[in-house]
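The values are calculated or read from the model by the stated rules, or taken from the named source; none is laboratory data. Note that the structure is a prediction, hence the values are computed from the model and not measured. Don't worry about glycine lacking a Cβ; one is built from the backbone with ideal geometry, like all the others, and counts go over all protein chains shown.
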Amino acid sequence: MGDTFELSAAKMREQGMSEIAINQFAHLYDSWINDKSGEFIRENTVEPIKSVPNFHEIYETIDHDKAVNAFAKTAFIKLNGGLGTSMGLSCAKSLLPVR
């Protein structure tokens with residue numbers, strides 16, 4: 001990817017950042033360097049949703065086998081304010097690795 005990125009990645013590792021965070025940065029850096037701006041959702045193109053259908057409204061349209069398979073691979077994490085801080089975490093809780 002280049003010397004410039006490697007310098008940044010080395011600094012990130014020195015600061016104890018996870019490889020997941022560094023890989024995400026690498027992806028975004030590559031997109032920026034190679035002007036892949038079409039890969040990003042621009043804030044000015046985002047519109048609020050008007051309504052969210054409830055489960056019962058879409059139940060019949062769901063492929064249940066695919067849903068069960070997807071849920072088996074899904075982690076649901078509810079991050080309530082203050083929990084991580086009281087546990088002594090000093091980084092963004094959204095960067096916690098899921099095992």
*For the chain, list the helices (runs of 4 or more DSSP H) that sit wholly inside it and hold at least 1 residues that are modelled with pLDDT of 85 or more; which are they?*
3-14, 19-33, 55-58, 64-72
*Looking at Val68, is it among the hydrophobic types (A, V, I, L, M, F, W, C) and either closer than 28 Å to Ala92 by Cα or surrounded by 11 or more Cβ atoms within 10 Å (Cβ to Cβ) (or both)?*
no
